[in-house]
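Inspection log for the structure reproduced underneath, given as structure tokens.
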Amino acid sequence: MARNAEKAMTALARFRQAQLEEGKVKERRPFLASECNELPKAEKWRRQIIGEISKKVAQIQNAGLGEFKIRDLNDEINKLIREKGHWEIRIKELFGPDYGRIGPKMLDHEGKEVPGNRGYKYFGAAKDLPGVRELFEKEPQPPPRKTRAELMKAIDAEYYGYRDEDDGVLVPLEQEHEKKAVSEAVEKWKIEKEERLATGDKNEEEEQEEDNIYAVQDDESGEDGDNDMEGEEGQQTFIAHVPVPSQKEIEEALVRRKKMELLQKYASEALMAQSEDAKRLLGI
């Protein structure tokens with residue numbers, strides 16, 4: 001009985017709808033907005049599109065529809081949004097209101113746009129689809145760059161290594177390493193010398209020169225003997241074979257040079273000639 005009643009109500013409902021629409025022909029929405037030349041009809045089609053968008057946005061909130069159904073609904077919503085934009089442009093061309101500026105954009109704001117993909121939006125459960133969720137993940141912001149003044153604040157003597165020896169750790173390590181390197185070099189030299197002596201490649205004179213290259217001969221000790229310099233262990237290191245001026249002689253030479261520069265700068269040629277004659281007469 002319940003099924004027959006439902007059928008009857010369905011038939012009655014269809015009959016009543018046919019009576020209401022009797023004598024009326026349903027008008028389909030034009031495929032292109034440019035085909036409509038009447039402002040009231042253009043606004044009517046815009047309202048119709050908004051109703052369809054609202055209905056589909058409500059449907060896409062249900063995550064149980066399945067991935068494929070959700071993707072199809074999301075594509076249809078984006079298509080209707082683009083079509084709504086075409087009708088708004090056409091309404092403006094027909095001297096109607098500019099809905100692009102003053103119209104409500106609640107439906108457009110419900111969607112989320114992927115960065116770099118301008119125009120296409122995801123609504124409702126479409127934002128949680130596999131492969132879409134990763135598109136909305138924001139990349140971590142890079143650390144802020146420091147200014148030159150901030151970088152210079154941390155630069156001091158320690159930055160240039162002037163305080164590396166203050167801790168008392170580096171110097172002993174360097175001394176130890178230096179002793180080790182010297183001992184290895186001496187051991188290597190001894191081994192090479194023994195090998196050369198074993199092969200007999202060197203004569204006696206070369207051996208004597210290698211024994212002490214800083215040795216001072218008897219005939220060389222003379223006036224230059226005072227200029228000998230001794231090392232830490234008393235060993236003679238080198239001999240000065242040229243006369244070395246003392247500090248006093250250097251100061252006198254600098255004073256004479258400075259006098260000559262001042263005379264050349266401020267004295268005339270006649271005065272210079274008279275000075276030379278006076279010196280010659282006095283025997284200076």
Within region 122-148, tally of residues that are on the phi > 0 side of the Ramachandran plot and basic (Lys, Arg): 0
Number of the condition not met by Gly111 [criteria: (1) at pLDDT 90 or above; (2) touching a helix residue (DSSP H, G or I) at 6+ places or on another chain (Cβ under 8 Å)]: (1)
Near pairs, Cβ below 6 angstrom, 6+ apart or cross-chain, from region 86-108 (surrounded by 15 or more Cβ atoms within 10 Å (Cβ to Cβ) and basic (Lys, Arg)) to any residue that is at pLDDT below 90 and in a loop (DSSP other than H, G, I, E, B): Lys92/Asp98
Subset of region 82-108 that is modelled with pLDDT of 75 or more, under 45 Å from the mean Cα position of the chain (by Cα) and among the basic types (Lys, Arg) - its residue that is nearest to Lys127 (Cα to Cα): Arg82
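Among the residues of region 162-187, which ones are of a type in the set (Val, Ile, Thr) and outside any helix (DSSP H, G or I)? Lay out the reasoning, then the answer.
Of the residues in region 162-187, the ones of a type in the set (Val, Ile, Thr) are 169, 171, 182, 186.
Scanning region 162-187 gives a single hit, Val169.
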Long-range neighbours under 7 Å by Cβ, at least six apart or interchain, first residue on the phi > 0 side of the Ramachandran plot within region 149-170, second among the small types (Gly, Ala, Ser): none
Those residues of region 29-47 which are surrounded by fewer than 14 Cβ atoms within 10 Å (Cβ to Cβ) and either assigned to a helix (DSSP H, G or I) or of a type in the set (Asp, Glu) (or both), in sequence order: Ser34, Glu35, Glu38, Pro40, Arg47
Neighbours by Cβ (under 8 Å, 6+ apart or cross-chain): first from region 249-268, in a helix (DSSP H, G or I); second aliphatic (A, V, I, L, M): Leu263/Met272
Condition met for Lys7 (in a loop (DSSP other than H, G, I, E, B), of a type outside the set (Phe, Trp, Tyr) and at pLDDT below 85): no
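The values are calculated or read from the model by the stated rules, or taken from the named source; none is laboratory data. None of the values given here were measured: they were computed from a predicted structure. Please note: Cβ atoms are built from the backbone with ideal geometry, for glycine as well, and neighbour counts cover all protein chains shown.
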